[in-house]
1. Over segment 59-155, with the other protein chains present, what is the accessible area per residue in square angstrom, probe 1.4 angstrom?
2. Could you grab the relative contact order for the chain? Cα pairs under 8 Å, six or more apart, rounded to a whole percent.
3. Arrange the residues E114, E92 by how much accessible surface each exposes, largest first, with a 1.4 angstrom probe.
4. For the chain, state what percent of all Cα-Cα pairs lands in each successive 10 Å bin, counting from 0 Å until the bin that includes the largest distance.
5. Hey, what's segment 1-54 come to in accessible area per residue, 1.4 Å probe, Å²?
6. Output the 0 to 90 degree angle, nearest 10, between the alpha-carbon long axis of helix 136-150 and the longest principal axis computed from the alpha carbons of the chain.
7. Spin-label point model (7 Å from Cα, Cβ direction): what's the T33 to K6 distance in nm?
8. Which whole-Hz couplings ³J(HN,Hα) result when phi for each residue of segment 107-120 is put into the Karplus expression 6.51 cos²θ - 1.76 cosθ + 1.60, θ = phi - 60°, listed in order with x for Gly and Pro?
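The values are calculated or read from the model by the stated rules, or taken from the named source; none is laboratory data. Bear in mind the structure is a predicted one, so any value in this text is a computation, not a measurement. Cβ placement follows ideal geometry from the backbone for every residue including glycine, while neighbour counts extend to all protein chains displayed. What goes into the accessible areas is simple: the full protein's heavy atoms, side chains included, and nothing from ligands, DNA or RNA. Shrake-Rupley method; radii C 1.70, N 1.55, O 1.52, S 1.80 Å.
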Amino acid sequence: MKLQLKVNGEPLAVDADGDMPLLWVLRDYLGYTGTKFGCGMGLCGACTVHVDGKATRSCVTPVGTVLDADITTIEGLSKDGTHPVQAAWIAEQVPQCGYCQSGMIMAACALLKENPTPTRQDIHDGISNLCRCGTYPRVERAILRVAAATNGGQS
């Protein structure tokens, strides 16, 4: 079945079943391999992308349910990796093994869009992604860094 999608601002057509998880369409059909497969049950968040600006677990989202949506992957945040959240990730040396980081960054961006001045508790409540390396304190610092920078030093 030919499906029309809008990914990272580009209209794209793929020949896939509408029940196929969005993750596999992004990775295997469209080559957006920055989005990772983690648990396959929507629990860990490694597969997080934005669907109409909302953090969405792509491993449990049938592609047929997002045909009219704007889908953004980690590749769509910025062409050169200079998105403020990506820059904060580097400044705070967040990644360790790095596997979960694209999903974490996408979740952080969605959180900051909804709440530009999150508290530590907001971050704990809003970011449910799992990191087997335990980078949570650095994730928190990176999110607070972006919030402070975009709010004139107030977070």
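1. Working: 5020 Å² over 97 residues.
That works out to 52 Å² per residue.
2. 23 percent.
3. E114, E92
4. 12, 42, 32, 12, 2, 0
5. 50 Å²
6. The angle comes out near 80 degrees.
7. Rounded to a tenth, the inter-label distance reads 2.9 nm.
8. Karplus values, whole Hz, x for Gly and Pro: 5, 5, 4, 5, 4, 5, 5, 6, 9, x, 10, x, 8, 4.
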